[in-house]
Amino acid sequence: MIRSVCRYTLAVYLVTLSTASLFAQSYANHADSLESQRDANGILSDFFSGKSKTPKVVDMTKEGSWSVLPSAAYNPSVGFAIGAISSGGKYFGNPANTTLSVINAGVYISTNKLSTFELKHNAFSSENKWNLQGVFQIGKTIAKDNGLGTGRRSFGDGELHMNNEHFANNPNEFPVRYVYLKVNERIYRKIAPSFYIGAGLSFNLYSHIDDDRKNIPITETHNFRYSVQNGYPTTAYQANGILVNFQFNNRDQPNRPFKGIYADVILKENETWLGSNRKALQLRTEFRKYWSLSSSNPENVFAIWHWANYLISGSLPYLDLPGTGSDAYGRIGRAFIIGRFKGLSFVYNEAEYRFPITDNKLLSGVTFVNIESADNQRNIKLLRYWEPGAGVGLRLLFNKYTRSNLCIDYGRGTYGSSGFFLGLNEVF
């Protein structure tokens, strides 16, 4: 059945891409609709001012909009966290032919003595001639490491020999703590309506790697075995490279699209002269399609997401292998902890239905299903085992001008996996 779902998703992918068309939206009508909407930013402003103000529509072509709120979050990987989130947006051209430029940031400290700071931007020049996308992340985190590949954890890494020593199979889960710094910057130039070509740089640095194994020998941990087998240090490594990008994008908005298509193909080559421990060539493909199901309530949206990363040649350090949560926003695979499944190559598909709950758009909801597959260095091939997940979610409109929202999702997956997942903006 899962294989049938995958074939169906691929068919939808090809049909929708071939029938892609441009959309037009009236900025005046959009401004009128914003007057009836309420968001968390406005409610807090009224609360602290002591009175309810007449809603004022912000001119996003001039002043733009910026909001900052305290935040509490939870992720099964890191525990409960407190911090602050912010979201801003502005048009740098005519809204009729220019996409809204957005910037989002957040800082958290968790109960597990972990911390993170993230800054993400997606900016468009007038008439979308140039598009600049970037992510900056730094933090200290922990991952519950289950090894490579999809399928039962009992598969482990298998038996092996290193330095004339025999190592038995290791199907266990090993928490690993580490510090990371990730910088990814891409610039695109429009070459035809909705088509872009670009280039960029990516730096992923991992340090202070500590296999939190208690009384278990370090030789049993997945990070140690993989690193030794593939010639990497076990406590720190880097994966830095150059990017070549091809993109199709006619979404009406980047934070929370109601309609349109986003397709991206990226070639990344890790280079030793940029600091990488080993050379590698990767191909990443991403496809998103959004259907607005109602003209009176455009927030009724059905969306699909395909994300895949293939290792063409070379080698990647262990913590840089693609897998659950390895997209730029760390949202792949709701129902599972970050890094639960990973491999040399990784494929992911998701479908989601989004719908408003209140007439003023303050609250909305989602339902979702997803599947993911990964390979390993032994006998697990890509697409052989699929791990499904599904769940429901609640959305609180954070900033109506940028369509930013606070997301609370509950997901369940295979092997008894479940959890609540909180974040800023839609998962895709």
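For this structure, a couple of remarks:
- For Gly333: the one exception among (1) crowded, with 21+ Cβ neighbours inside 10 Å; (2) modelled with pLDDT of 95 or more: (2)
- Elements of type strands (runs of 3 or more DSSP E) contained in the stretch 83-172, each with 2 or more residues being modelled with pLDDT under 90 and of a type outside the set (A, V, I, L, M, F, W, C): 101-110, 115-124, 130-145, 165-167
- Any chance Leu316 is crowded, with 22+ Cβ neighbours inside 10 Å and either farther than 23 Å from Asp145 by Cα or in contact (Cβ under 8 Å) with a residue 24 or more places away in the chain (or both): yes
- Residue that is modelled with the highest pLDDT [pool: residues in the stretch 346-380 that are part of a loop (DSSP other than H, G, I, E, B) and surrounded by 21 or more Cβ atoms within 10 Å (Cβ to Cβ)]: Asp375
- The stretch 335-360 residues that are within 25 Å of Leu406 (Cβ to Cβ), paired with ones that are charged (D, E, K, R) (beta carbon under 6 Å, 6 or more apart): Ala335/Arg412; Ile337/Lys144; Tyr348/Glu372; Pro356/Glu299; Asn360/Arg38
- Flag if Gly275 is surrounded by fewer than 21 Cβ atoms within 10 Å (Cβ to Cβ) and touching a residue at least 60 places away in the same chain (Cβ under 8 Å): yes
- Annotation: of all residues in the stretch 390-411 being in contact (Cβ under 8 Å) with a residue 60 or more places away in the chain and hydroxyl-bearing (Ser, Thr, Tyr), the one that is surrounded by the most Cβ atoms within 10 Å (Cβ to Cβ) is Thr402.
- Residue satisfying all of: in the stretch 101-146; of a type in the set (D, E, K, R) and closer than 16 Å to Leu205 by Cβ; surrounded by the fewest Cβ atoms within 10 Å (Cβ to Cβ) among these: Lys140
- When restricted to residues that are over 21 Å from Ile103 (Cα atoms) and surrounded by fewer than 18 Cβ atoms within 10 Å (Cβ to Cβ), the stretch 170-204 contains 11.
- Verdict on Trp273 being part of a strand (DSSP E or B) and either more than 21 Å from Ile187 (Cβ to Cβ) or of a type in the set (A, V, I, L, M, F, W, C) (or both): no
Residue-by-condition table, conditions (1) more than 29 Å from Gln133 (Cβ to Cβ); (2) among the aliphatic types (A, V, I, L, M); (3) touching a Cys at 6+ places or on another chain (Cβ under 6 Å):
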position: Ile337; (1), (2), (3): no, yes, no
position: Asp359; (1), (2), (3): yes, no, no
position: Asp375; (1), (2), (3): no, no, no
position: Pro388; (1), (2), (3): yes, no, no
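- Restricted to the stretch 208-246, and to residues there that are in a loop (DSSP other than H, G, I, E, B) and basic (Lys, Arg), the residue that is farthest from the chain's Cα centre (by Cα) is Lys214.
The values are calculated or read from the model by the stated rules, or taken from the named source; none is laboratory data. Since this is a predicted model, take the numbers as computed values, not measurements. Neighbour counts are summed over all protein chains in view; Cβ atoms, including those assigned to glycine, are modelled from backbone coordinates with ideal geometry.
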